[in-house]
1. Along region 41-50, what does the Karplus equation 6.51 cos²θ - 1.76 cosθ + 1.60 (θ = phi - 60°) give for ³J(HN,Hα), rounded to whole Hz, x for Gly and Pro?
2. I'd like the Karplus ³J(HN,Hα) series for region 54-61: coefficients 6.51, -1.76, 1.60, θ = phi - 60°, whole numbers in Hz, and an x wherever there's a Gly or Pro.
3. Based solely on C-alpha atoms, express the radius of gyration and the Dmax of region 32-71 in angstrom.
4. What does the charge add up to near residue 66, with Lys and Arg as +1, Asp and Glu as -1, over the other residues with Cβ less than 13 Å from its Cβ?
5. Excluding residue 51 itself, what net charge comes from residues whose Cβ is under 12 Å from its Cβ, given Lys and Arg +1 and Asp and Glu -1?
6. In nanometres, what is the gap between the two model label sites at residue 66 and residue 34, each 7 Å from Cα along Cα-to-Cβ?
Amino acid sequence: MAPATIRFGGDGRGDDPPFPDAICHRCVHLRLIRSGKGSVFLMCKEPTLPKYPPQPVRACRGFVPKPPATG
């Protein structure tokens, strides 16, 4: 079974993403992965970078900002 992509609601249930200061959260290459035991990992989909970089990432040569949310 493939790991699930996680969406966080910020509703006070402990669903805040790990390493909130990491620039990964603002990057198009981020995929949040939850293990079967409930741990959450930040996976980078940029093929030239490590899949699971040490956190928190503060600078990255592959960083591409997410487009602004519309809505």
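1. Along region 41-50, the couplings run 10, 9, 9, 9, 8, 6, x, 8, 10, x Hz.
2. x, 10, x, 7, 10, 8, 8, 5
3. Radius of gyration, then largest Cα-Cα span, for region 32-71: 12.6, 34 Å.
4. Values: positive: 26, 31, 45; negative: none.
Residues near residue 66 contribute +3 overall.
5. For residues surrounding residue 51, the net value is +1.
6. With each label placed 7 Å out from Cα toward Cβ, I get 1.6 nm.
Values quoted throughout were computed directly from the atomic coordinates according to the rules given, and no laboratory measurement underlies them. Bear in mind that the values here come from a model prediction, so they are computed numbers and not experimental data. Here the Cβ is made from the backbone with ideal geometry for all residues, glycine too, and neighbour counts use every protein chain on show.
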